[in-house]
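The values are calculated or read from the model by the stated rules, or taken from the named source; none is laboratory data. Predicted, not measured: the structure shown is a model, and the values here were computed from it. Reconstructed Cβ throughout: ideal geometry from the backbone, glycine too, with neighbour counts over all protein chains shown. These accessible areas exclude ligands, DNA and RNA; they are computed on the full protein's heavy atoms, side chains included. Shrake-Rupley method; radii C 1.70, N 1.55, O 1.52, S 1.80 Å.
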Amino acid sequence: MAATIFSKIIAGEIPADILYDDEQILAFRDIAPQGPTHVLVIPKKEIATVDDVAAEDTELVGAMIRVAAQIARDEGIAEDGYRLVFNCREHGGQEVEHLHLHLIGGRTMSWPPG
């Protein structure tokens, strides 16, 4: 997989407003937020898309969701609610070819998104 902006953030080559960092997961504020709170939760393991998640990645993806829920509590948006989104490939809205989970909140969400 080619280097992405996310792999460069993981390597410390590009700065980010980091909210969570452990051996498997990194979470940081999105630079183009779609709500008052918009955080990206990414695995440090390079996985290109949701379609590339393997059986052995199941626990990692679950950990991403748990981290997002904890950040939602920390950011004070859990009680009112928030949205978690995985985009997959171009038509799904994925802009960076590295699996990532969007945590968006702090406002009422509509459906379809917009």
Worksheet item: What share of all Cα pairs of segment 54-94, in percent, falls into each consecutive 5 Å distance bin?
Response: 6, 19, 20, 20, 20, 12, 4
Practice prompt. Could you work out how far apart the two model spin labels at Met109 and Ala11 are, taking each label as a point 7 Å from the Cα in the direction of the beta carbon, and quote it in nm?
Written response: 3.3
Item to complete: For the chain, give the percent of accessible area contributed by carbon and sulfur heavy atoms, probe 1.4 Å, rounded to a whole number.
Response: 50
Discussion item. Whole angstrom only: what separates the Cα centroid of segment 36-64 from the Cα centroid of segment 77-114?
Written reply: 13
Worksheet item: Charges only on Cβ, +1 for Lys and Arg, -1 for Asp and Glu: so what's the dipole of the chain about the Cα centre, in debye to the nearest 20?
Response: 300
Response to the item:
Shape descriptors of the chain over alpha-carbon atoms, Rg and Dmax in angstrom, are 13.5, 39
Worksheet item: In Å², what does the accessible area per residue of the chain work out to with a 1.4 Å probe?
Response: 59
Practice prompt. Can you check how the C-alpha radius of gyration of segment 25-82 compares to 2.2 N^0.38 Å, as a plain ratio?
Written response: 1.21
Worksheet item: For Val53, which sequence-distant residues (separation of 5 or more, or a different chain) have an amide H within less than 5 Å of its own amide H, given hydrogens modelled in the peptide plane?
Response: none
Discussion item. Angle check, please: helix 58-74 long axis (alpha carbons) against the longest principal axis of the chain (alpha carbons), in degrees 0 to 90, nearest 10.
Written reply: 40
